[in-house]
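Before any comments, here is the structure.
The values are calculated or read from the model by the stated rules, or taken from the named source; none is laboratory data. Bear in mind that the values here come from a model prediction, so they are computed numbers and not experimental data. Ideal geometry is used to build each Cβ from the backbone, glycine not excepted, and the neighbour counts take in all protein chains shown. Just so you know, the surface numbers come from the protein's heavy atoms only, side chains and all, with ligands and any DNA or RNA stripped out. Shrake-Rupley method; radii C 1.70, N 1.55, O 1.52, S 1.80 Å.
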Amino acid sequence: MSPRTGTRSITAARVIAVVADIMAFVIGLWILMYLLEANRGNDLVNVVQHTARWLAGWSYDLFTFDEAWARVVSGYGLAAVVYLFVGHAVAARIRH
């Protein structure tokens, strides 16, 4: 492998890891905002909520706890963990 190809794969791996980190951060930020009862009339809170809902659409209502906060933490938290795990696993695979 040429040095240039190795640099490209390292750069691609970094991009994938950073994107996964950003996705997990947005979801984590929404969980925090939800738990702290952030003002949903605020534009920033609204954007974070909608983005997190889109990112965690597949896991949003996966669990049916009685408490709303438990559903939010488990559903969104699962998505954040999966994005981190898969993103960093793919990045590690590309690096090697």
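Please state which of the following conditions Gly87 fails to meet, knowing it meets all the rest: (1) under 11 Å from Ile27 (Cβ atoms); (2) open to solvent by less than 70 Å² (accessible area, probe 1.4 Å); (3) under 10 Å from the mean Cα position of the chain (by Cα).
Result: Gly87 passes all but (1).
Go through the stretch 59-75 and give me each residue that's touching a Gly at 6+ places or on another chain (Cβ under 8 Å) and under 12 Å from Ile31 (Cα atoms).
In the first step, residues of the stretch 59-75 are kept if they are touching a Gly at 6+ places or on another chain (Cβ under 8 Å); the result is 59-63.
Matches in the stretch 59-75: Tyr60 only.
In the stretch 17-33, is there at least one residue being aromatic (Phe, Trp, Tyr), within 11 Å of Tyr76 (Cβ to Cβ), surrounded by 13 or more Cβ atoms within 10 Å (Cβ to Cβ) and in contact (Cβ under 8 Å) with a residue 40 or more places away in the chain?
Let us first name the residues in the stretch 17-33 that are aromatic (Phe, Trp, Tyr), namely 25, 30.
Still in the running and within 11 Å of Tyr76 (Cβ to Cβ): 30.
Narrowing further to those that are surrounded by 13 or more Cβ atoms within 10 Å (Cβ to Cβ): 30.
When the remaining residues are screened for being in contact (Cβ under 8 Å) with a residue 40 or more places away in the chain, the result is 30.
There is at least one residue in the stretch 17-33 that is aromatic (Phe, Trp, Tyr), within 11 Å of Tyr76 (Cβ to Cβ), surrounded by 13 or more Cβ atoms within 10 Å (Cβ to Cβ) and in contact (Cβ under 8 Å) with a residue 40 or more places away in the chain.
Tell me, which residue of the stretch 1-52 that is of a type in the set (D, E, K, R) and assigned to a helix (DSSP H, G or I) is nearest to Ala70 (Cα to Cα)?
Top of the filtered list is Asp21.
May I ask you to verify whether Ala79 is of a type in the set (Gly, Ala, Ser), at pLDDT 95 or above and under 18 Å from Ile22 (Cβ atoms)? Before the answer, list the steps.
On the way: of a type in the set (Gly, Ala, Ser): yes; at pLDDT 95 or above: yes; under 18 Å from Ile22 (Cβ atoms): yes.
Yes; evaluated as a whole, the condition is true for this residue.
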